[in-house]
Structures are given as C-alpha cells and as structure tokens.
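For reference, the structure discussed in these notes is given below.
The values are calculated or read from the model by the stated rules, or taken from the named source; none is laboratory data. This one's a predicted model, so the numbers in the text were calculated from it and none came from an experiment. Here the Cβ positions follow ideal geometry from the backbone for every residue, glycine too, while neighbour counts run over all protein chains shown.
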Amino acid sequence: MLEKKKILLGITGGISAYKCAHLVRLLVKEGAEVKVIVTAAATTFVSPQTLSVLSRNEVVSDFFDSNHNWQSHVQLAEWADLMLIAPLTANTLAKMAVGQCDNILMATYLSARTKIIIAPAMDLDMYRHPTVIKNLAIIQSFGNLVIPAEFGELASGLVGEGRMAEPETIVDYVKNYFRQSLPLIGIKALVNAGPTYEAIDPVRFIGNRSSGKMGLAIAEALAGMGAEVSLVLGPSSISVSNSSILVYHVESSDDMYAATLKNYVDMDIVVCAAAVADYKPLKAATEKIKKLEKEFDLHLVKTKDILEELGKRKKKQILVGFALETQHLEKNALVKLQKKNLDIVVANSATEAGSGFGGDTNKITILDKHNKKQEFELKSKEEVALDIVNYIIAYKKQNSTS
Ligand code: CTP
C-alpha cells in the first residue's frame with residue numbers, strides 16, 4: 001500500500017520516541033522510503049544509529065551533516081510525499097503554531113508543501129492544557145492532520161489521554177490518507193483473465209497458452225489506484241498476492257461467463273483480458289475416451305462471447321476489451337470495439353516480438369469509442385497495465401465532465 005511513498009518522519013523529544021524504531025520498521029515493511037529528522041531532545045530517547053539502520057538512510061539532526069556539509073531542509077521537504085511528526089511534544093507543537101524556527105525539523109516543516117500528519121504525545125495535564133488544545137486547533141487550521149493521543153498508562157505513572165498513538169495505528173492512518181487520495185476510491189472494477197479449459201472428457205481439454213499475467217497486472221494496477229477489484233481467473237499458475245483482490249477461480253468458458261455476468265451489474269469498470277476459448281466440444285464425454293478408432297473427430301461449437309454479452313447489457317460501466325490480432329491490428333480492433341459495444345479496446349499483436357501471450361512484456365495500442373488512439377512502446381506487463389489503467393482513469397474523467 002505504501003509502495004515507493006516517500007515519508008519524512010520528524011521525531012521530537014518525548015519518551016515515546018523509542019517506539020519510532022518500530023514505526024520506521026513498519027513503514028519500510030509497507031514499501032515506503034523513509035527519511036528521519038530528529039531534534040536534539042529526541043536523541044536522548046532513541047538512537048539515530050538505530051533509526052538510520054532501520055530507515056536505510058542517514059538520519060538528519062542538524063543543518064550540517066557529520067562531514068560539515070549543508071543539509072538542505074528545502075530539498076528534504078520537496079523530497080517527501082508526506083511528513084509525519086511523531087511523537088509531537090508540546091514544545092514543538094507551540095513552535096508549529098507560531099512558526100518559530102530554531103532547528104532543522106522546524107525549518108523543514110515550514111518549507112513543506114506536502115500534507116503533515118502529527119501524533120502528539122504528552123502527559124495527561126499537558127495534553128489537557130488550554131494552550132495545547134488551542135495550539136492543536138491552530139495547526140489543524142493550517143491543514144495539518146492530527147492522530148489523537150490515546151488513553152492509557154503514561155510515563156509519569158498517571159493514567160489518561162496523552163500516549164502517542166501506537167505505531168500500527170499511525171501506519172493505518174497514513175495508509176488511509178494515501179488511499180483517500182487515490183483516483184479510484186469508491187470505484188468497483190471487474191477483470192477477467194487467463195485461459196479457459198473446455199473439457200473433452202474427464203482428463204482432456206482444449207486450452208490455450210494464456211498465462212493470465214496481463215489480466216492480473218491490470219487487476220493489481222486497478223487495486224493500487226484504490227478500486228475495489230474482483231478478478232475472475234481461468235486456470236492459471238499465477239498467484240494473486242494482493243489480498244484486497246477478490247478472486248473467483250473458474251475453468252471453462254461457461255464458468256467464466258457465469259462468474260463475470262453475475263458480478264457485472266454493480267461494476268464501474270470492467271476489463272475483459274481473458275483468452276476465452278472460441279470453441280468447445282459439443283458435449284464432454286463423461287468417461288475417459290478410449291483410443292479405439294484410427295481417426296477421431298471432435299465436434300466443436302462456438303462458446304458464448306462474454307464481452308459481447310456485457311456490451312449488450314452495458315449501463316454505467318466503462319467496458320474495456322482486448323483484441324489479439326495477427327494482421328490489420330487497428331482495423332480489426334475497431335471492428336471489435338463497435339461489435340461488442342466497448343468504450344476502450346486494447347489492441348495487441350499475437351506475432352510481434354515481445355507481445356501477446358505467455359511472456360512478461362507486451363506492446364499495445366489503445367483505441368476508444370471517441371476515435372482517440374494512443375500507441376505505446378514495448379514494456380513489462382506491469383507497466384502496460386498502468387498505461388491501460390491511466391487511460392481508463394483519463395477516459396472516465398473526460399466522460400463524466402462532458
Ligand atoms: N472474448 C470473450 N468471450 C469470448 C471470446 C472473446 O469475452 N468467447 C473477449 C476477450 O476477452 C477479449 C475480446 O473478446 O477481450 C476479443 O477477443 P479476441 O480473441 O481478440 O477476439 P474474438 O472476439 O474471439 O474474435 P476472433 O478470435 O475472431 O478475432
């Protein structure tokens with residue numbers, strides 16, 4: 001969830017600063033890049049060396065580093081996607097309220113254009129003091145977000161409100177903050193992916209070489225943008241590591257048809273990336289077929305076209321299909337766009353090097369029903385998925401305002 005997010009953690013001098021070692025560890029584990037600034041008082045409660053090892057970055061404590069080089073607070077502030085100050089003492093809170101700048105943490109805070117989240121920690125009576133309450137209100141009026149202190153046993157031995165929120169709570173708050181700023185929050189998306197297996201008898205089937213990688217990458221990219229994602233996945237060896245994606249495992253085109261249609265009505269975005277078999281045996285034998293005859297004819301019938309059916313039933317959904325072609329890529333893709341009532345078609349070549357089934361890369365051209373077209377370079381399937389999802393987001397934006 002915090003993959004590649006740049007988080008600047010400011011630590012001030014409260015006893016709970018020792019919990020920041022765990023906080024840094026949790027943030028890094030979530031995939032965040034973390035840089036730490038400490039005040040002089042903070043270093044009496046937590047060692048900069050520990051924080052440096054855990055954050056994998058040098059800890060900043062002064063305007064000059066150990067080699068007497070100037071440390072730019074402006075660059076630090078610009079680097080961050082988010083600044084977190086935890087624990088926040090009454091002293092630093094007061095400085096934030098009036099803009100007093102007497103250390104690099106305050107200089108960075110005053111230069112930061114990113115959102116600032118603070119987790120105050122102080123003794124019970126301090127936390128209740130009218131100036132603290134007033135200063136918290138003042139800094140919130142500047143747009144800073146406050147994770148309230150928690151109730152519990154305090155370092156003084158008193159019991160009450162004032163404990164810094166637990167590192168897990170802070171990480172959840174940060175995750176939520178990033179989630180809310182994602183473009184597909186509140187959006188439901190359905191993806192189908194992988195091959196289908198059409199049974200000939202209990203042990204044999206007709207299948208294809210689709211790996212399901214492209215569809216899975218799209219499902220993960222949609223989830224990464226905040227969408228609530230369901231994935232209907234044909235028989236494939238890939239595993240879905242993102243636990244927020246709801247996976248329906250299916251085998252045949254009929255199963256995939258049923259699962260995709262069942263989930264369709266509520267959806268806002270639907271991407272059909274599955275390589276659905278076009279034909280299936282008229283009737284699967286119930287027992288294993290013996291090799292008695294010299295020749296064996298298999299009677300095949302067309303499968304249901306899932307995407308075409310979705311196109312017929314389309315209401316609010318943005319419907320995205322693929323077109324895998326060996327010739328006349330754009331022309332054939334546009335025919336599918338119209339015939340299946342799609343909003344967007346992703347065309348890829350089955351014969352071009354690095355494109356199509358099986359591999360880890362793809363080269364696509366996206367066409368939409370408003371005659372727009374965008375060609376992309378050969379990229380990894382993860383990057384291609386991001387291009388597709390960004391295209392869908394831009395399409396959605398244009399079509400909800402026009
Ligand atoms: N598709 C589908 N159900 C099918 C066949 C295809 O939902 N029975 C979907 C695929 O998931 C893809 C799109 O239709 O999004 C186009 O699939 P493709 O194999 O390129 O084309 P077809 O429609 O099968 O036509 P043809 O094989 O003749 O090119």
Hey, does segment 29-39 have a residue that's in contact with a Pro (Cβ under 9 Å, 6 or more places away or on another chain) and either farther than 22 Å from PRO148 by Cβ or assigned to a loop (DSSP other than H, G, I, E, B) (or both)? yes
Residue count for segment 1-31, restricted to those that are free of Cβ contacts under 8 Å to residues at least 40 places away in the same chain and among the small types (Gly, Ala, Ser): 2
Qualifying strands (runs of 3 or more DSSP E) (wholly inside segment 137-193; at least 3 residues being surrounded by fewer than 16 Cβ atoms within 10 Å (Cβ to Cβ) and more than 16 Å from the ligand (Cβ to nearest atom)): 150-153
Confirm whether LYS314 is out of contact with any helix residue (DSSP H, G or I) (no Cβ under 9 Å at 6 or more places or on another chain) and charged (D, E, K, R). yes
Residues GLU220, GLU198: which one is of a type in the set (Asp, Glu) and away from the ligand (no atom under 16 Å from the Cβ)? GLU220
Is it true that VAL229 is of a type outside the set (D, E, K, R) and not assigned by TED's automatic domain parsing to the domain that holds VAL301? no
Let me confirm something: among ALA112, ALA97, ALA86, ALA107, which residue is farther than 17 Å from LEU8 by Cβ, surrounded by 12 or more Cβ atoms within 10 Å (Cβ to Cβ), touching a helix residue (DSSP H, G or I) at 6+ places or on another chain (Cβ under 8 Å) and not acidic (Asp, Glu)? ALA97
Within segment 98-117, the residues that are farther than 21 Å from ALA17 by Cβ and in a helix (DSSP H, G or I) are VAL98, LEU110, SER111
Selection status of ALA121, out of contact with any strand residue (DSSP E or B) (no Cβ under 9 Å at 6 or more places or on another chain) and at pLDDT 95 or above: no
I'd like to verify a number: residues in segment 2-28 that are surrounded by 19 or more Cβ atoms within 10 Å (Cβ to Cβ) and not in a helix (DSSP H, G or I), how many? 9
I'd like the full set of residues that are in a helix (DSSP H, G or I) and either within 15 Å of the ligand (Cβ to nearest atom) or touching a Leu at 6+ places or on another chain (Cβ under 7 Å) (or both), limited to segment 354-387. VAL384, ALA385
Return yes when LEU93 is in a helix (DSSP H, G or I) and in contact with a Leu (Cβ under 8 Å, 6 or more places away or on another chain) and no when it is not. yes
Name the residue, out of TYR127, TYR173, TYR109, that is in the same structural domain as VAL38 (by TED's automatic domain parsing) and closer than 30 Å to PHE64 by Cα. TYR109
